[in-house]
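Structure record follows, encoded as structure tokens.
The values are calculated or read from the model by the stated rules, or taken from the named source; none is laboratory data. Computed from a predicted model, the values in this text were never measured in an experiment. Every residue, glycine as well, gets a Cβ built from its backbone with ideal geometry; the counts of neighbours run over all protein chains shown.
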Amino acid sequence: MQTVLEEISRIGIVPVIALDRAADAEPLAKALCDGGLPCAEVTFRTAAAEESIRIISQKFPQMLVCAGTVLTTDQVDRAVNAGAKCIVSPGLNPKVVKYCVEKNIPVVPGTANPSDVEQALELGLEVVKFFPAEAAGGIKMIKAMSGPYVNMKFMPTGGINADNLNDYLSFKKIVACGGSWMVSKDLIAAGDFEKITSLTREAVRNMLGFEVAHIGINAADENSADKLADDFGGLFGFARKMGNSSIFAGSGIEIMKSPYKGTNGHIGIRTNYIERAIYHLEKRGYEFDESTRKTNAKGETTAIYLKGDFGGFAVHLVQK
């Protein structure tokens, strides 16, 4: 998968925006970045699209800007010259796709059925848009099509919102979801960029789904850990579960048999998508201790510690 599409996958949500006024491009881009989504698909449905892409690319070079609703090779050239890093279209036009492939421009054409997917495979693509997602059968249709097309990944757009976002993202063949619920035309027209920032933050929170998994307590030694586990059992009836390096009291309290990370212990935080969580937290300035990364048999990250202490506790992420 191309680097641009890999980054889109880690971002998880691509805000799809239609701008009637190029003057709105800069404050909208700032609102998205402040909300935690340094990405946008600017649709070529309006006359302001090309200039909007140029403004966002120049003012916010950290943003990954895609051009959407691209229907011709001329629009490809105009979008790329303005700063677009990826071309997205509602359907699969072989001429446009071949043009992008020849020029090594990432392109995500729209598909809605197996015939479209086979055309995309023939053109050498690994990722396609699924549009209009909900109207074309939603996540059930994508799962059904993924059976015969095992190497194809999808970026669904159309009808996706805060309520069904994770229904799509929880399927591993989904690269990211496009959506406009946090950047509605009404909010843009009203200049309510503060609300857009708030909705964007909410979308990221909803996607990552952070919640406390357990609290780890550093005991001085195994005897101390054993006694503390007994105390929690006596107090609350929490069942003990013995491990190599710790004892669990219930599912929420882990007592280390000897001091481990953190002055006092550690806090485990569950997340829906650990790689996306790592990406978003790094964008906020946090760092991770790569030496603590744990993976499963498929090489997928299952846990990793952040660097530093938080109130005397180390913090690690855990994949749900």
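For segment 17-39, name all the residues that are among the hydrophobic types (A, V, I, L, M, F, W, C) and part of a helix (DSSP H, G or I). Correct list: Ala22, Ala23, Ala25, Leu28, Ala29, Ala31, Leu32, Cys33.
Quick one: in segment 14-27, of everything that is buried (at least 24 other Cβ atoms within 10 Å of the Cβ) and hydrophobic (A, V, I, L, M, F, W, C), which residue is farthest from Tyr168 (Cα to Cα)? Step by step, filter segment 14-27, then rank; the result is Ala25. Output yes when any residue across segment 62-72 is part of a helix (DSSP H, G or I), in contact with an Asp or Glu (Cβ under 8 Å, 6 or more places away or on another chain) and surrounded by fewer than 24 Cβ atoms within 10 Å (Cβ to Cβ), and no when none is. Within segment 62-72, none of the residues are part of a helix (DSSP H, G or I), in contact with an Asp or Glu (Cβ under 8 Å, 6 or more places away or on another chain) and surrounded by fewer than 24 Cβ atoms within 10 Å (Cβ to Cβ).
Residues in segment 291-313 that are touching an Asp or Glu at 6+ places or on another chain (Cβ under 9 Å) and closer than 14 Å to Tyr260 by Cβ: Tyr305 only. State yes or no: is Cys100 in a strand (DSSP E or B) and either assigned by TED's automatic domain parsing to the domain that holds Ala176 or among the acidic types (Asp, Glu) (or both)? Criteria not met by Cys100.
For segment 181-240, a residue qualifies if it is touching an Asp or Glu at 6+ places or on another chain (Cβ under 6 Å) and either exposed (fewer than 13 other Cβ atoms within 10 Å of the Cβ) or more than 28 Å from Val318 (Cα to Cα) (or both), and exactly one does: Ile188.
Only one entry of Val14, Val4, Val42 meets the criterion of being closer than 19 Å to Glu282 by Cα and not in a helix (DSSP H, G or I), and that entry is Val14. Mind telling me which of the residues Met207, Met256 ends up being in contact with a strand residue (DSSP E or B) (Cβ under 9 Å, 6 or more places away or on another chain) and closer than 26 Å to Ile11 by Cα? Checking each option against the conditions leaves just Met207.
Among the residues of segment 203-259, those that are of a type in the set (Phe, Trp, Tyr) and farther than 20 Å from Lys320 by Cα comprise Phe232, Phe236, Phe238. Here Ala314, Ala303 are screened, and the one residue that is small (Gly, Ala, Ser), buried (at least 19 other Cβ atoms within 10 Å of the Cβ) and either part of a strand (DSSP E or B) or modelled with pLDDT under 95 (or both) is Ala314. From the list Asp116, Asp167, the lone residue that is free of Cβ contacts under 8 Å to residues at least 40 places away in the same chain, surrounded by fewer than 21 Cβ atoms within 10 Å (Cβ to Cβ) and under 15 Å from Gly91 (Cβ atoms) is Asp116.
Annotation: of all residues in segment 125-138 being touching a Phe, Trp or Tyr at 6+ places or on another chain (Cβ under 8 Å) and crowded, with 21+ Cβ neighbours inside 10 Å, the one that is farthest from Leu5 (Cα to Cα) is Ala133.
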